[in-house]
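Here the structure is laid out as structure tokens; the discussion comes afterwards.
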Amino acid sequence: MFSLAVAGARLAASPDGANLKRAGNAMNITFSSIIPAAATTVLVCLAVAALPSKAQPIVETSGNYVLRASTVSAANLPDAMRKKHGIPTASNTAVLNVTVQYTSDGVLRNIPARLEVRARNLLGVETGVDMREVVANDMVSYMGSYRFLPREVLDFKITAYPEGVQRPITLQFRDRLGRR
């Protein structure tokens, strides 16, 4: 049997390459006839696809408004970007990026908003996220850095108050950085 473990998921193929399974996410692929070398190639491709990408956006939509957020370890950002935005280079620093967008006639554009950001670990201890406005290419977004402990789970609550809108948009998500 061929097997490969990546990012906590185990992929395995039978010696004849007839069956392919991914433990944990119930992925089963059956091939009628495939040689073992081809099965290994398929395993490698699926293993790469199983790797978590760095900054997956989380999205909340309310009418024509879209609130997006993503987190990434500062260690994964290019030095020039960290320096330009004053992001510390410590390995326990992460960046929260938030955009508020408005859709009109199928066109999505970033708009200004007042933000409230809360990040708490599972014990309820709040982590400060100092948000600031970033304008580039006539587009506004918001960026903040915060410290985290390796493998610490943080629950984020982001509330956006777009200019001229009565009801805020709230986005909540859980994130863990520093997996080892």
For Y161, all conditions in the list (1) out of contact with any Ser or Thr (no Cβ under 8 Å at 6 or more places or on another chain); (2) at pLDDT below 95 hold save one; what is the number of the exception?
-> (2)
Select from the range 65-83 the residues that are more than 13 Å from the chain's Cα centre (by Cα) and under 18 Å from I169 (Cβ atoms) and write down the one among them that is surrounded by the most Cβ atoms within 10 Å (Cβ to Cβ).
-> L67
Hits in the range 121-180 (condition: among the hydrophobic types (A, V, I, L, M, F, W, C) and over 27 Å from I111 (Cβ atoms)) = L122, L123, V125, F148, L149, V153, L177
Quick count over the range 89-107, residues being touching a residue at least 40 places away in the same chain (Cβ under 8 Å) and over 20 Å from the mean Cα position of the chain (by Cα), is 2
Tell me, which residue of the range 113-154 that is hydroxyl-bearing (S, T, Y) and under 12 Å from A94 (Cα atoms) is surrounded by the fewest Cβ atoms within 10 Å (Cβ to Cβ)?
-> T127
Checking I87 against (1) part of a strand (DSSP E or B); (2) within 26 Å of R176 (Cα to Cα), which single condition isn't satisfied?
-> (1)
Could you give me the residue pairs with C-beta distances under 9 Å whose first residue belongs to the range 137-164 and is on the phi > 0 side of the Ramachandran plot, whose second residue is part of a loop (DSSP other than H, G, I, E, B) and not β-branched (V, I, T) wherever it lies, and which are 6+ apart or on separate chains?
-> R151/L177; R151/G178; R151/R179; R151/R180
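The values are calculated or read from the model by the stated rules, or taken from the named source; none is laboratory data. The model shown is predicted, which means the values in this text are computed figures rather than measured ones. Cβ sites come from the backbone with ideal geometry, for glycine too, and all protein chains shown count toward neighbours.
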